[in-house]
Amino acid sequence: MHQEKILTKMASKKAQEEVVGFVFIVVIVIVILVIFLGFMLRQDNPINSQESRDIYQFLDSAMQYTTSCALSYEPAYSNCISGETPCALAEKTLNDLIESSFKIGEQASNKGYDFKASYTDKDLEEEIISLSKGNCSGSLRGSELLISALPGAISNTLKICS
């Protein structure tokens, strides 16, 4: 009888050791899977986020750029002295900035672009400028810059197509 109790205790102790070992192995496998999953999720993001950051910085810089429009005096205050309208000159200048910064074309790595600027408040959404060029059927990368224009905001969005 005494020998049976010893064997039972030894079997019980051995079973506990096996359960602890199994739990330890499961924990190690889960940690390895989490680390592997973290690497896989981060692998695609740095390139795309860098490109989006570059486009955001471009938009921020472009909004600081001044066109060559000098407004004439009343009553023709809506035209530049050169005879162009401020909107037409802004579109031309922005188009030149985008194309010189991103090298857009069929033979280039950037096949096209889509730029939109719109004013939005709680009751109104009005497009200010819309520019596009090239083929945007491939992959896209882009960014948006919001500028406060109380009571609403101006949204500037640029998408570059590869």
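Quick note: the coordinates plus some simple rules give every number you see, no bench work behind them. Note that the structure is predicted; figures quoted are calculated from it, not measured. Don't worry about glycine lacking a Cβ; one is built from the backbone with ideal geometry, like all the others, and counts go over all protein chains shown.
Show log10 I(q)/I(0) for segment 65-161 at q = 0.14, 0.17, 0.18 Å⁻¹, two decimals, from a solvent-free Debye sum over equal Cα scatterers. Here log10 of I(q) over I(0) equals -0.65, -0.88, -0.94. Length gained on full extension, MET63 to ASP96, computed as 0.36 nm times the residue gap minus the Cα-Cα distance: 10.5 nm.
Please give the charge dipole size of segment 118-162, origin at the Cα centre, charges +1 on K and R Cβ atoms and -1 on D and E Cβ atoms. Round to the nearest 20 debye. Write down the numbers at each step before the final one.
Details: 4 positive and 6 negative charges, 75 e Å.
Using Cβ point charges on Lys, Arg, Asp and Glu, segment 118-162 gives about 360 debye.
Counting lysine pairs in segment 65-161 whose alpha carbons fall under 15 angstrom apart, excluding pairs fewer than 8 residues apart on the same chain, gives 10. Residues whose amide H falls under 5 Å from that of ASN79, counting only those 5 or more places apart or on a different chain, are SER72, with hydrogens built in the peptide plane. So if R0 is 22 Å, what FRET efficiency would LEU41 and SER148 give, r being the distance between their Cβ atoms, rounded to the nearest 0.05? Efficiency computed from Cβ-Cβ geometry: 0.05. Whole-Hz Karplus values for segment 117-132 come out as 10, 9, 9, 9, 10, 5, 10, 9, 9, 10, 6, 9, 9, 9, 10, 8 Hz, taken residue by residue from phi with 6.51 cos²θ - 1.76 cosθ + 1.60 and θ = phi - 60°; glycine and proline positions read x.
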